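Every number here is computed from the coordinates shown, using simple stated rules; none is lab data. Quick caveat, the model's predicted, so the values are computed rather than measured. Please note: Cβ atoms are built from the backbone with ideal geometry, for glycine as well, and neighbour counts cover all protein chains shown.
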Amino acid sequence: MKILVTIDFSDITEQVLKQSRMLADSMQAEVILLHVAEPNPDHITYDYDPAAMYAIDPSEIRDQIAQRFHKEHKDLQKYAQQFRDQGLTCKALMVQGETVEMILNGVEKLSSNFIVAGSHGKGMISQILLGSTSEKLIKKSTVPVYLVPAEKTED
C-alpha cells in the first residue's frame, strides 16, 4: 500500500503529517510526500509601476524563486527523514505545476492507493470563486482521499 501525502507548508502541514504517520503505521504503508510548487509566473505585475521597470532585475527574481524552492525541498526532505526515523518507508518529491493535476498525475505514476491532503476550510465565497483543491481532488481522484481538516479558531 502506498499513501501519497500532499504537503503545502501551510499551517495545517504538521497536522497532515501527524495523521499520515498514524495511517501509514496502521496500514504498514509506504509514504510518498509530495509538494507541488507553484509554476513560475509568466511575468510579475504586482504594484506595476512602468517608471520603476528598469529597476527590476530578472536574475534577482529567479534567485528568490530558486531560494524558496531550495528551502521547500530541504524542509520536505526533513519531513521524510522524520518518517524514516519512525521506521516507515518514505520518499519525498517536489514537482512544479498545477496542484490538482500534479497530485493526480503523482497518484498514477507512483501507483498510490490513497491520498492524504489538508483542507484549509476556506469560506464559501472563496470556494465558489476559486474552488478548493480538496474538492477537486475528491471529484477527480480514482483513489480514496483522506482530508485533514484545518483546526477551527475562535473569532
Take residue 62 and residue 78, extend 7 Å from each Cα along the Cα→Cβ direction, and tell me the distance between the two endpoints in nm.
2.8 nm
Space enclosed by the convex hull of the alpha-carbon atoms of segment 59-109, per residue, Å³
80 Å³
